[in-house]
């Protein structure tokens, strides 16, 4: 009863500017991209309706499958790692006994405040085969220098490491906020009842951090599914090697090298749908959790 | 009260948003319409400004930065002094291809001239009706402009661009002191090259640099070897896909490079693929690297490092591999294009005419590292190193750059596959097969 009392005239008037911008810059381009995915368009002459030809072509396109494979690999490795590292840092930095924890908190966030292009350039300098500090340090331990980010056998791992470095600040922040909001009495009660550190973490802390966990997983998944900038910069900007192709780069490649805006729109649609489906699933879960909590 | 104004407000928002969104998409989807109106408007503006003496601002997009960009801007000042009605704004676009294509797709580009180094892209844009034909500029110079460079951007009888700069990839630049120190002669044959490499390697000097991390220099090295294996004919045939990437002569070129890479001529294979091309210039200047295959633009960069041509560095053609194969130099250029919907087309055309002429090109040639496509520029205007390159071009003849003239989508594939080859040279047969598969796809379309 009265659940939508906030839908007043003032609400709509105040929301109007945001709504107009949303419509112009998000909703319209979204639907236009969806439409262009069903056309053959070179970006210069008028688009021609092509039905599902672009989607059919994807099935036979080896570059598309390479991109899917890379996206999945990065996703599967990155997601658990960023969650675990973020959680680990958060637990560590939540502990008041840790010396200089405020400075450490700042350092952990450093990757997050840097633009991805800067992150890419920093990694390129660090890993330079001749002048990079990483190779110099490894040489001390007898490891010969290597072009880590260019080597086809190691390049993808450095995309993951770079992304982790940049994104774990976000995961740590969310988990820290979750930890700060916890009722410490529950943990103390468990401690008095004789629960060991692992039991307190597994059966008390983790379930209480579930909303934060869902936020971290959802946002990290969205970030990594559309990863582009880091790969672009690490590859020198001119041309990304095929073994590092991801869907977001493929959209760029099809537009600027093959003039296939329609095909690129179809790939972009697929990428958007996959991000949307994943986010929706996670959001549903979060709403479900809230429902259980409030119920 | 309450519901009605609310509904009106909602409808108003929707209509406003749809209209605004429609305006945004209009330029992108209906180029022809925008083209007509926009070009009409542009002409009017240009005429008005001429009569009212208000300067017209001609916007140039290019990717010449650093010393080259400064030289270009100082040359443009000469034009501005001679044409007080024109102001020129040169915008360095680090992502030139992306900027130009995106603005052309909107139907109303904000630039009047773009300096592009991709002839295949120029032809494609011209055929799609995006570029203004430049026949009037070419006709004005009646045979003065280098024909090879004009042919690269010609479709039928239409010139879609005009070259304002030529460059060449004449051969290997070498550090004179490294060779003197070990009593070596600059190599003339493949065996001598391998021998020199061995001695440099034994003495802790990287024999050759590749600039592999940027990928494009690898296609230049590959082309040099290809020409020495099968002459300019094989090079041109592969560029036009008249021969396959799996042709025995092409495989031979791959095999020669495989041996050079594996023998360490390009340094430690595990680090060589991480070397950026610009970072190799100071390494060549200070003797860490003995030889470097690169274009003539390297002269300016080397001189900036404080080394002098002749005394500190020299130039040799790529060593002979097959005695019966004719030699040729890979050359290309930078072309000026004017979009169909350029805001100030008339003023842009006038400026393009000046850029294609001997006055501007002589100014640039005197600043070094710049070769003139206009044949009226005298050889005496050149620096001795540049003059040597020009003479070689005349003596041996030139061939177009293979990857620059391949279909635009195939170019990054060539770079990528050659990079994979550099990382795993033993895979050359597989890489040639993959290149052939892609070539069949791109040349067919």
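Once the Kirkwood radius over Cα pairs is known for chain A, the Stokes-Einstein relation at 20 °C and 1.002 mPa s delivers a diffusion coefficient of 96 µm²/s. Relative contact order for chain B: what percent, with Cα pairs under 8 Å and sequence separation of 6 or more? Relative contact order, chain B: 25 percent.
Legend: translational diffusion of the protein assembly as shown by Stokes-Einstein, Rh = Kirkwood radius over C-alpha pairs, 20 °C, 1.002 mPa s; D = 73 µm²/s.
Extents of segment B:184-226, taken as max minus min of Cα coordinates on every principal axis and listed largest first, are 29, 23, 11 Å. Placing a pseudo-label 7 Å from each Cα along the Cα-to-Cβ vector at residue B:379 and residue A:189 gives an inter-label distance of 9.6 nm. Across chain A, C-alpha contacts under 8 Å between residues 6 or more apart give a mean separation that, scaled by the residue count, equals a relative contact order of 29 percent.
For the segment B:405-414, counting C-beta atoms of other chains within 10 Å of every residue's C-beta and taking the mean gives 3.
The P(r) of chain B has a tail past 35 Å containing 37 percent of all C-alpha pairs.
Using only Cα atoms, find the angle between the long axis of helix B:3-29 and the longest principal axis of chain B, and express it within 0 to 90 degrees, rounded to the nearest 10. Helix B:3-29 sits at roughly 40 degrees to that axis. Pop the C-beta distance of residue A:11 and residue A:95 into the FRET formula with R0 = 51 Å and round what comes out to the nearest 0.05. So, using R0 = 51 Å, E works out to roughly 0.70. How high is the relative contact order of segment A:122-217, in percent, counting Cα pairs under 8 Å that sit 6 or more residues apart? RCO, segment A:122-217: 19 percent. For the pair residue B:391 and residue A:276, a Förster radius of 60 Å applied to the C-beta separation gives a FRET efficiency near 0.45, rounded to the nearest 0.05. Remark: spin-label model distance residue A:228-residue B:316 equals 4.7 nm, labels positioned 7 Å along the Cα→Cβ axis.
Applying 1/(1 + (r/R0)^6) with R0 = 56 Å to the Cβ-Cβ distance of residue A:138 and residue A:27 gives a FRET efficiency near 0.65. Against chain B, whose longest principal axis is taken from its Cα atoms, helix B:31-52 shows a tilt of about 80°. From least to most packed, judged by other beta carbons within 10 angstrom and beginning with the fewest, A:133, A:214 follow the order A:133, A:214. The order of A:274, A:153, going from fewest to most other C-beta atoms within 10 Å of their C-beta, is A:153, A:274.
Considering segment B:121-235, its Cα convex hull presents a mean projected area of 10.5 nm². Return one number: the angle in degrees, 0 to 90 and rounded to the nearest 10, between the long axis of the Cα atoms of helix B:428-444 and the longest principal axis of the Cα atoms of chain B. The angle comes out at about 30 degrees.
Full extension of the chain between residue A:110 and residue A:46 yields a length gain of 18.4 nm, computed as 0.36 nm times the residue separation minus the alpha carbon distance. Of all beta bridges that DSSP places with both ends in the protein assembly as shown, some 60 percent have antiparallel geometry.
Every number here is computed from the coordinates shown, using simple stated rules; none is lab data. These figures come from a predicted structure and were not determined experimentally. Don't worry about glycine lacking a Cβ; one is built from the backbone with ideal geometry, like all the others, and counts go over all protein chains shown.
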